1. For the stretch 131-167, what are the residues that are hydrophobic (A, V, I, L, M, F, W, C), without any contact (Cβ under 8 Å) to a residue 40 or more places away in the chain and touching a Phe, Trp or Tyr at 6+ places or on another chain (Cβ under 9 Å)?
2. Kindly indicate the residue of the stretch 83-101 that is surrounded by 16 or more Cβ atoms within 10 Å (Cβ to Cβ) and within 15 Å of the chain's Cα centre (by Cα) and also nearest to TYR65 (Cα to Cα) among those meeting that condition.
Amino acid sequence: MNIDIKHCLSVVSMALLLGGCSTAPPGPRGSAGFDSATLPSRLSQAQADDITIYALGLVGTPYRYGGNTPDAGFDCSGLIGHVYRSRAGVTPPRTVASLKSWGWQVRSDGIRSGDLVLFARNSVVSHAGIYVGAGRFVHAPSTGGVVRLDDLNSSYWATQQLAFRRP
C-alpha cells in the first residue's frame, strides 16, 4: 500500500511540474508589461489635454527648419519641444531620432491625446507629431508648409511605419 501512495504522489508531482512548464507566460499588456491605459507618464490627464489644445492652437504657424518658437516657426521636433515645455514643463529630446526612445511605447489601441506619433521608413524615424485624438495629429510637415492637423489614415501617412510614445 505504501508503494501505491508513493507512486500516486510521484505521478501527481510530475503532472504538476509538467503542467507548470507547459503553461505559457502571460502576454504583454502595452509596453514593458504595462496596460496602455495605466502606462506611467510624466503628464497628468489635464496636462495631456492642455498639450492637445495648445498644439491645435498652433495650426497655421509657419514651418522653419530648426525653428522652436511660434514667432520663428517650427520644425517637427521644435514644435513638440515647445508644446511640452510650455504646457507641461517637460523637455523632450530635440531630435526626432532621440524621441524614438523617450518615454514609453504605447500600442495603437491605447493612445491618448498628448502622446507622440513617430513616423518611420525602413525603421528610421524621420518625422513626429502630437496625437490629438480621433486618429488625428498636429505636426510641422515640411519647408514651405505650416503646422497642420492631419489624419493618420490619410493616403500618405497610412503608408508610414507608426510608433506611439507616452512621455
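Values in this text are rule-based calculations from the coordinates and carry no lab data. Computed from a prediction, not measured in an experiment: that's the story for all the values here. Note: ideal-geometry Cβ built from the backbone for every residue, glycine included; neighbour counts use all protein chains shown.
1. PHE137, LEU152, TRP157
2. VAL96
Residue-by-condition table, conditions (1) over 17 Å from ILE111 (Cβ atoms); (2) touching a residue at least 12 places away in the same chain (Cβ under 8 Å); (3) of a type in the set (A, V, I, L, M, F, W, C):
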{"site": "ILE51", "(1), (2), (3)": "no, yes, yes"}
{"site": "TYR65", "(1), (2), (3)": "yes, yes, no"}
{"site": "THR69", "(1), (2), (3)": "yes, yes, no"}
{"site": "LEU79", "(1), (2), (3)": "yes, yes, yes"}
